[in-house]
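So that we are looking at the same thing, I have put the structure below in structure tokens.
The values are calculated or read from the model by the stated rules, or taken from the named source; none is laboratory data. Since the structure is predicted, the reported quantities are computational estimates derived from the model, not experimental observations. Heads up, the Cβs are rebuilt from the backbone with ideal geometry, glycines too, and the neighbour counts pull from every protein chain shown. Side chains included, ligands, DNA and RNA excluded: accessible areas come from the protein's heavy atoms. Shrake-Rupley method; radii C 1.70, N 1.55, O 1.52, S 1.80 Å.
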Amino acid sequence: MSDYWSGSITFTGLNTGTDWDEIIEAQMAVEEYRYNSMTEKETAYEEKLAAVQDLETQMTTLYQTLQEYDSASDFLTKSGTSSDESSLTVSADNDAEAGSHNVIINQLAQNDIWSSDDGYASTDTSITDTDQTFSFTYNDETYTIDVPAGTTLSEFVNLINNASGNNNDVRASVINEGSAYHLQIRGMDLGADNTVTIEDTGFDAMGPDAFTNTQQAQNAQIKVDGFPAADDEWIERSTNTIDDVIDGVTLQLKSTTDDSGATVTVELDTDAMVEAIETVVSSINTILQLLMDLQDQGTVSDTTSTATASDSDDDDDDDEDSEASVLASNSSLDLIQSNLKNILATKGVGFSYYDSTAETGDLFTSLSTIGISTDADEDSETFGLLVIDYDDLEAAIEEDPEAVADLLSADATGTTDSEDFSFDSAISGTTRAGDYDVSYRIENGEIVEAYINGNAASISGWTLTGASGEDESGLAITVDNTADGTYSGTVSLKQGKIGQLVDSLEDMTSTEGTLQIMEDSYQNVLDQLAESISKEEDRLDLVESRLRTRYSNLETLLTSYDNLSSTIDSLLSSLTSD
């Protein structure tokens, strides 16, 4: 019996011996053909929608991963070492320049420490028999404490530490020298400006004359590469962690050095650079593999006429015997795959081929020039994926690591082919990468007209700026040759492969992107199918209801005929017996 007939009375021809349920089910099986066709199509489109949604999720993950490597410095991982780690340790970030530096440490930064001259037999010893006031100043803030008569040494420590406004700026503690306990007061910040001053409040036992400045607050003093040159001049900082003297380098001072100092060496971490490239390649391969998988999975049999624009090829080739993958022959998917492959295989935007004779152009212009290529061997396990030739990659890094990083992640980096003008700046995310024709004319010592990419450029002194709203918007060019005349040339604005991929992924995963259009299209089909299936279910319910009513009436009629036949037989029998 059909699933659509809910709450019906089942009858099996108890009187006539006819199995009406079997007859109804057979007839309903014929009636359900359209319903089954629609539900099969619904399942197929649910698979398509799920596949697109999974693709969008994976592409979003790739987008997020690539954004972590969207700057050339992200690949130029540096490591720092010190020739004397007992005096100095070093760390370097990616912005540090490779090279070596000499660092002489004259003194370390210290905090201010005061210790009481008189000791006490115990921390429970009273420090005063009368009510007193204790006051100290730190960083121009004065703290005043009431000290009741009978206050013990340990209680006095707590009063200082818990003084109103003293948020661990100054800390008091007890030092046990073996035969007596002494009070110690410390400023918690390093540096010459962070001194503690004990004020004279008449509390002689804890007055300024009762303490010795056992450690004076002072700055760290260093020389870097012989600077400052004068013997009595130093670079001073209020901390022993110094990160603003050598760009990208953090120095951790441990102890003073002699006049020869310590050598700090900053080097490119080649292994880390290779690992970063491996991470990027692996993430890209995840999408490439998924795109291939999506075109080689499942069986689809679409026989109804409902279809989407991007899925037109699916329905053109549909028949009962066709084997088709979930998104095979989908034009939108083909476009996505083609777009990604094009980015991975072609010359970088704004890059120019290297001329070894003139020594001009970019040393590396495509991924293949640094050892990254697409595996074209159909028998290979990595067919269609990016593979790394480590010998070529390491050779490229050794030859020019900055050029490798630029190919991957250059962002608004500009060059010109002219000595008459130079690239000034561009706005990342606004100025479109590529090659721009530049022309301008100088008369009577000033620029009278200028064009970038064929559009009139803004002129401000000797600076040309691309027209707002155009691809060159935000591109600034400085005129170096100011002699009268007409000049022309090309400005190339580079964008690395990762930037190209990020832009493409952003377009495809946006609310108006290719994937969202595909999702909306499939969802529209599913919504239409759901409505059609609901109507078909209602129709089937009505058909089954009518069949049951018809056969119930037939059962009743046949039963009445049987009863009539039995009555006639009985009458005939009685007549015969009479």
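Over the chain, what per residue volume does the convex hull of the Cα atoms give, in whole Å³?
Numbers: hull volume 222.1 nm³, N = 578.
It is 384 Å³ per residue.
Ok, one more. Which stretch or stretches of the range 77-103 have amide N atoms under 12 Å from the point lying 7 Å from D269's Cα along the Cα→Cβ direction?
77-81, 91-95
Further question on the same structure: At A149 and Y561, where each label point lies 7 Å from the Cα along Cα→Cβ, what is the point-to-point distance in nanometres?
12.7 nm
Let me ask something else about it. Would you grab the residues whose amide H sits under 5 Å from the one on L251? Only those 5+ places off in sequence or on another chain, please, with H modelled 1.01 Å from N.
For L251, the qualifying residues are I242, D243.
What number, rounded to the nearest 500 deg cm²/dmol, is the helix-based mean residue ellipticity at 222 nm of the chain, given -39500 (n - 2.57) per DSSP H run of at least four residues and division by all its residues? List each step's numbers first, then the result.
Details: 10 runs with 197 residues, N = 578.
Only helices count here, giving -11500 deg cm²/dmol.
What would the Debye formula give as log10 I(q)/I(0) at q = 0.19, 0.21 Å⁻¹ for the alpha-carbon point model of the range 411-523, no solvent?
Here the Debye-derived log intensity ratios amount to -0.90, -1.03.
Run the quick spin-label model on T346 and S545: label points 7 Å from Cα toward the beta carbon, then report their separation in nm to one decimal.
6.2 nm
Give the carbon-plus-sulfur fraction of the accessible surface of the range 150-253 in %, rounded to a whole number; probe 1.4 Å, heavy atoms of protein chains only.
Numbers: 2040 of 5230 Å².
That share works out to 39 percent.
Under the 0.36 nm per residue contour assumption, what length would be gained going from the current alpha-carbon distance of E512 and D21 to full extension? Walk me through the numbers before you get to the answer.
Values: separation 491, 0.36 × 491 = 176.76 nm, distance 5.28 nm.
The span from E512 to D21 would gain 171.5 nm if fully extended.
Roughly how much of F423 is accessible, in Å² to the nearest 10, using a 1.4 Å probe?
Spelled out: F423, probe radius 1.4 Å, area about 50 Å².
Whole-Hz ³J(HN,Hα) for each residue in the range 468-480, computed from phi via Karplus 6.51 cos²θ - 1.76 cosθ + 1.60 with θ = phi - 60°, x for glycine and proline: what do you get?
Computed from phi, the couplings for the range 468-480 are 5, x, 9, 4, 8, 3, x, 7, 10, 10, 9, 7, 9 Hz.
What are the semi-axes of the equivalent ellipsoid for the range 99-216, taken as the square roots of 5 times the Cα gyration tensor eigenvalues, largest first, in whole Å?
Numbers: eigenvalues 179, 55, 27 Å².
Listed largest to smallest, the semi-axes of the range 99-216 are 30, 17, 12 Å.
Something else: Using alpha carbon centroids, what distance separates the range 401-431 and the range 85-134, in Å?
Here the two parts' Cα centres lie 47 Å apart.
Checking the table K341/K494; K41/K341; K78/K223 against a 30 Å threshold on Cα-Cα, which pairs fail? Walk me through the numbers on the way to the answer.
Values: K341/K494 19 Å; K41/K341 32 Å; K78/K223 23 Å.
Pairs exceeding the cut-off: K41/K341.
Here's a follow-up. Determine which residues of the range 134-175 fall in the zone a paramagnetic label at D193 would reach in this model, i.e. backbone nitrogen under 12 Å from the point 7 Å along Cα→Cβ.
Counting backbone N atoms under 12 Å from the label point, the list is 139-140.
Share of antiparallel DSSP beta bridges in the chain, in percent to the nearest 5?
100 percent
A further question follows. Over the Cα atoms of the range 167-287, what radius of gyration and what Dmax do you get, in Å?
Expressed in Å, the Cα Rg and Dmax of the range 167-287 come to 23.7, 78.
Please check which bits of the range 439-464 a label hung off T482 would reach, taking the label as a point 7 Å along Cα-to-C-beta and the cut-off as backbone N under 11 Å.
445-447, 461-463
Might you tell me the accessible area per residue for the chain, computed with a 1.4 Å probe and given in Å²? Let's see the in-between values first.
Values: 29770 Å² over 578 residues.
Here the residues of the chain average 52 Å² of exposed surface.
Separate question: Summarise the accessible area of the range 469-578 (1.4 Å probe, protein heavy atoms) by the percent that is carbon and sulfur. Walk me through the numbers on the way to the answer.
Details: 2840 of 5830 Å².
About 49 percent, which is the carbon plus sulfur part of the accessible surface.
Could I have the simple spin-label model distance between L159 and T256, label points 7 Å from Cα toward Cβ, reported in nm to one decimal?
3.9 nm
Nearest 20 debye, what's the magnitude of the dipole of the range 453-578 about its Cα centre given +1 on Lys and Arg Cβ and -1 on Asp and Glu Cβ?
Values: 7 positive and 22 negative charges, 27 e Å.
Here the size comes out at about 120 debye.
Same structure again: For the pair D70 and K535, what calculated FRET efficiency results from E = 1/(1 + (r/R0)^6), where r is the Cβ-Cβ distance and R0 = 45 Å, to the nearest 0.05? Mind dumping the intermediate values first?
Working: r = 51 Å, r/R0 = 1.14.
So the FRET efficiency works out to roughly 0.30.
Residue separation times 0.36 nm, minus the C-alpha to C-alpha distance between T60 and Q107: what's the value? Each step should come with its number before you reach the end.
Values: separation 47, 0.36 × 47 = 16.92 nm, distance 5.17 nm.
Additional length available on full extension: 11.8 nm.
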